[in-house]
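I have a structure here, written as structure tokens, and I will follow up with some questions on it.
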Amino acid sequence: MKTELTAERFGSLLVALDVDRERAGERYEDLRRTLIRFFGWRNAPFPEEHADESLNRVARKLDEGVEIRDLSSYCYEVARLVFLEAVKSNDGRRDPLPPDYENTPEPDSTVEALEREVRLDCLDGCLRTLPADSRQLIVEYYRDERRGRIDARKTLAAQLGLQREALANRAQRVRHKLEQCVNRCVRKKSAI
């Protein structure tokens, strides 16, 4: 069953994503790409269509006045249901799945990839909650690898007028705060 996306429904979805129209558009595209990967990992036919259908259903619910607390998690849940519907309907666009498909555990790589995607989504959201100076510090602190990282940290410490140990302590405090935020976010998304 295809859900029609009207301008009003799409507007409701954008407002739920972010009050700033440009950021809402970016978040919409990010969410759509994530859902396309979600369907792709499950070898669903036409992942783009299923991602669009999932977002259309969420937009319809928002337009109907349904209060959604965690939009990303809600979208994942709707996508899961859309996928199960696609498996059951098997509209002839691909070979049918085995009858016990729903009881077959997902391969570890798919589960791990989805968990990684959720963690990255949480990390992105948590980074945006940090003050700009803390966000810049943590990004710069972990930017390079090996020898480049050592040199970059020396430069960063000099720019901030800090000893390397003080920079490391400050980065550790920001990292701890960031890790707590990401873990809360992941637990919240996993509970839904």
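The values are calculated or read from the model by the stated rules, or taken from the named source; none is laboratory data. Remember, predicted model here, so these are calculated numbers, not experimental data. So basically every Cβ, Gly included, is an ideal-geometry build from the backbone, and we count neighbours across all protein chains shown.
May I ask you to list pairs of residues, at least six apart or on different chains, whose Cβ atoms are under 6 Å apart, with the first in region 14-29 being over 16 Å from SER73 (Cβ atoms) and the second being part of a loop (DSSP other than H, G, I, E, B)?
Matching pairs, first to second residue: ALA24/ASP18.
Considering only region 1-54, state which residues are under 17 Å from the mean Cα position of the chain (by Cα) and among the aromatic types (Phe, Trp, Tyr).
Matches in region 1-54: TYR28, PHE38, PHE39, TRP41.
Counting only residues that are exposed (fewer than 14 other Cβ atoms within 10 Å of the Cβ) and in a helix (DSSP H, G or I), which one in region 116-135 is nearest to the chain's Cα centre (by Cα)?
To start, the set of residues in region 116-135 that are exposed (fewer than 14 other Cβ atoms within 10 Å of the Cβ) comprises 116, 120, 124, 128-129, 131-133.
Subset that is in a helix (DSSP H, G or I): 116, 120, 124, 128-129, 132-133.
Values: ARG116: 9, LEU120: 6, ASP124: 8, ARG128: 13, THR129: 15, ALA132: 21, ASP133: 24 Å.
Going through the qualifying residues, I end up with LEU120.
Sort out which residues of region 60-98 are modelled with pLDDT of 85 or more and farther than 26 Å from CYS126 by Cα, and write them in order of number.
ARG60, LYS61, ASP63, GLU64, GLY65, LEU81, VAL82, PHE83, LEU84, GLU85
Could you count how many residues in region 138-185 are buried (at least 17 other Cβ atoms within 10 Å of the Cβ) and either under 24 Å from ASP121 (Cβ atoms) or among the acidic types (Asp, Glu) (or both)?
Count: 9.
Would you mind stating whether ARG27 is buried (at least 16 other Cβ atoms within 10 Å of the Cβ) and either out of contact with any helix residue (DSSP H, G or I) (no Cβ under 9 Å at 6 or more places or on another chain) or outside the structural domain of GLY125 (by TED's automatic domain parsing) (or both)? Even if it seems obvious, please write down each step before you answer.
Values: buried (at least 16 other Cβ atoms within 10 Å of the Cβ): yes; either out of contact with any helix residue (DSSP H, G or I) (no Cβ under 9 Å at 6 or more places or on another chain) or outside the structural domain of GLY125 (by TED's automatic domain parsing) (or both): yes.
Yes, satisfied.
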